[in-house]
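The values are calculated or read from the model by the stated rules, or taken from the named source; none is laboratory data. Just so we're clear, the structure is a prediction, and the values are computed from it rather than from any experiment. Note: ideal-geometry Cβ built from the backbone for every residue, glycine included; neighbour counts use all protein chains shown. The protein model used for the area step is the full one, side chains on, heavy atoms only, and it has no ligands, DNA or RNA in it. Shrake-Rupley method; radii C 1.70, N 1.55, O 1.52, S 1.80 Å.
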Amino acid sequence: MNDNNPKIKRENQLIKIRKQHQDYYQPIEMIKTKYFSWKLNNLAAGCNQCILGRKLVVFVTGICPKDCFYCPLSEQKKNNDVIFANERPLRDEDDIDALIDEAALSKSWGAGFTGGDPLAESTGLANILRY
Ligand code: SF4
């Protein structure tokens, strides 16, 4: 094989690029879980915590600029600036003792932040994230 032949050189480069592409882009596999859902490849660490019930759900605020017809928020939460750790109401974003207590009670390994729009009251989320 003549390595100086430009056509062969280009083909070798293309083969190398295709190989790198295949290594980088693993095929996506849809897998049915035993939890009545589907997933792509492996679940994220946070999803695994959820399955085990080991994730604290921090409801940062019920404030949301959208008005989706399918919004699942209760009247207690929708467009109200309220904070919950799981279903435990917190006085405000500085009520960290209650948040830590709820995390300990539910044996949480991680936390997810939701709302409303958690970024609508960005100072509230920022205060919680400090801890
Ligand atoms: S909380 Fe979510 S579902 Fe409800 S109105 Fe806002 S964006 Fe829509």
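Counting only residues that are of a type outside the set (D, E, K, R) and touching a helix residue (DSSP H, G or I) at 6+ places or on another chain (Cβ under 9 Å), the range 88-114 holds 10 of them.
Output the residues belonging to the range 27-74 that are of a type in the set (A, V, I, L, M, F, W, C) and open to solvent by 100 Å² or more (accessible area, probe 1.4 Å).
Looking only at the range 27-74, we keep the residues that are of a type in the set (A, V, I, L, M, F, W, C), and these are 28, 30-31, 36, 38, 40, 43-45, 47, 50-52, 56-60, 63-64, 68-69, 71, 73.
The answer is I28, M30, F36, W38, L52, F69.
Within the range 45-59, the set of residues being within 11 Å of the ligand (Cβ to nearest atom) and touching a helix residue (DSSP H, G or I) at 6+ places or on another chain (Cβ under 6 Å) is empty. Whenever a residue of the range 52-73 is at negative phi and assigned to a loop (DSSP other than H, G, I, E, B), its partners that are aromatic (F, W, Y) and surrounded by 10 or more Cβ atoms within 10 Å (Cβ to Cβ), lying with C-beta atoms within less than 6 angstrom and at least six residues away or across chains, give the pairs R54/W109.
Working only within the range 88-97, note down all residues that are assigned to a helix (DSSP H, G or I) and within 23 Å of the chain's Cα centre (by Cα).
Of the residues in the range 88-97, the ones assigned to a helix (DSSP H, G or I) are 96-97.
Listed by number, the list holds a single entry, I96.
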